[in-house]
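The values are calculated or read from the model by the stated rules, or taken from the named source; none is laboratory data. Owing to the predicted nature of the structure, the values given are computational and were not obtained by experimental measurement. Reconstructed Cβ throughout: ideal geometry from the backbone, glycine too, with neighbour counts over all protein chains shown.
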């Protein structure tokens, strides 16, 4: 069976989100239920970057993409996201995307 990654908008990115429900921690039961699926958490899960890092370090099938967070937050915030992701996320599970 072909397994393709599934991307999830977590944290910022869309005006219609409910921030209290956008933490990737809410996805833990789904990640556990589908261990053969690959999950990509988008936007660095900001402001829940540490939650995303925890999930990526705990589950073999979770990756974090943080490229889209950069246009939205300050330079200090950008450095903070990178720092928080590097606290726990294995380097081979951190991804960068862009719109261009």
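The table below lists the values:
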quantity	calculated
First in segment 7-21 and more than 17 Å from residue 94 (Cβ to Cβ), second anywhere and surrounded by 13 or more Cβ atoms within 10 Å (Cβ to Cβ), Cβ under 6 Å, 6 or more apart	9/42; 12/43; 12/46; 12/72; 13/43
Residue count, segment 22-33 (criterion: free of Cβ contacts under 8 Å to residues at least 12 places away in the same chain and in contact with a strand residue (DSSP E or B) (Cβ under 9 Å, 6 or more places away or on another chain))	1
Number of the condition not met by residue 78 [criteria: (1) within 13 Å of the chain's Cα centre (by Cα); (2) crowded, with 16+ Cβ neighbours inside 10 Å; (3) part of a helix (DSSP H, G or I)]	(1)
Top-ranked residue of segment 6-33 - restricted to ones that are part of a loop (DSSP other than H, G, I, E, B) and surrounded by 13 or more Cβ atoms within 10 Å (Cβ to Cβ), ranked as farthest from the chain's Cα centre (by Cα)	17
Conditions (1) within 14 Å of residue 11 (Cα to Cα); (2) under 13 Å from the mean Cα position of the chain (by Cα); (3) modelled with pLDDT under 95: number failed by residue 88	(1)
Selection count, segment 36-75, where residues are in a strand (DSSP E or B), closer than 16 Å to residue 86 by Cβ and in contact (Cβ under 8 Å) with a residue 40 or more places away in the chain	2
